[in-house]
Amino acid sequence: MDGESTGAAATPQASGDRSEPPSGDTSVTKRRGAADNGARESEREDTQAGGDTSRTLSLGAGVRAVYPSPSTSNVSAVMRGNRKTGSSPELAVRRAVHRRGLRYRVNPLIRAGGTAVRPDLVFSRARVAVFVDGCFWHGCPLHGTQPRRNSSYWGPKIARNQERDSHRTTLLTTDGWIVIRAWEHEPAEVVASRIEEALRGR
């Protein structure tokens, strides 16, 4: 991890890019906190009439939504278990890229247009940023679903995620980055081929 390995001869490598453990070591990502590609959700408690409290979340751009009550304890456990970074699809892509001799940085902070962005994989010198988006959280047209329960929360939440994705893609592209967005359902080797092709084009 401290040194830089040499990748394919035709592929430019960044001096700041480095090998990440393909085995799925997430000790680094844990220290980076629970930011979702640099986005942070703030929570607050609002006192309601009668003494009840309702948690609300900021979805960004001045939009707030009432935090949903989980339908069951199992659903709550599943939601808490979702990883902000280092998900299984992301790790599969990282391993596929690593096997090709390509070196990258994981979840680094990039400033684009004054906005903090944290792509999942970054090839610094080539200025290629890769995002592996979850089908549910980012509204995949093939596999994205809208929960029937708490739809007043999930609808705006997913829509806001999509708006943020589009905005940050635009910021990075304007700043000279090639942005690759992959869905979690895409085969890792297919995504790795897209990444390799983008690097060779640089």
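Taking 0.36 nm per residue of sequence separation and subtracting the Cα-Cα distance, how much length would be gained by fully extending the chain between R99 and R200, in nm to one decimal? All intermediate terms of the calculation are to be shown ahead of the outcome.
Working: separation 101, 0.36 × 101 = 36.36 nm, distance 1.63 nm.
Stretched out fully, the R99 to R200 stretch lengthens by 34.7 nm.
Where does the charge balance sit around W154 when Lys and Arg score +1, Asp and Glu -1, over other residues with C-beta under 12 Å from its C-beta?
Result for the local shell: +4.
On full extension of the chain, what length is gained from S193 through S166, given 0.36 nm per residue of separation minus the C-alpha to C-alpha distance?
Full extension from S193 to S166 adds 7.4 nm.
For the stretch 139-202, just say rounded, prolate or oblate: build the C-alpha gyration tensor, square-root its eigenvalues into a ≥ b ≥ c, call rounded for a/c under 1.5, and beyond that prolate if a/b exceeds b/c, oblate if not.
The shape class here is oblate.
Please work out whether the stretch 94-171 counts as rounded, prolate or oblate from its C-alpha gyration tensor, where a ≥ b ≥ c are the square roots of the eigenvalues and a/c under 1.5 means rounded, while otherwise a/b larger than b/c means prolate and anything else oblate?
Oblate.
Run the quick spin-label model on R149 and H185: label points 7 Å from Cα toward the beta carbon, then report their separation in nm to one decimal.
If labels sit at R149 and H185, their model points lie 2.4 nm apart.
Quote the FRET efficiency, to the nearest 0.05, computed for A116 versus R64 with a Förster distance R0 of 30 Å and r equal to the Cβ-Cβ distance. Could you put the intermediate results ahead of the total?
Working: r = 21 Å, r/R0 = 0.70.
After rounding to 0.05, the efficiency reads 0.90.
Read-outs throughout are calculated quantities, based only on the coordinates presented, and are distinct from any laboratory measurement. Not measured: the values here are computed from a predicted model. Methodologically, a virtual Cβ is constructed for each residue, glycine included, from the backbone with ideal geometry; neighbour enumeration extends over all protein chains shown.
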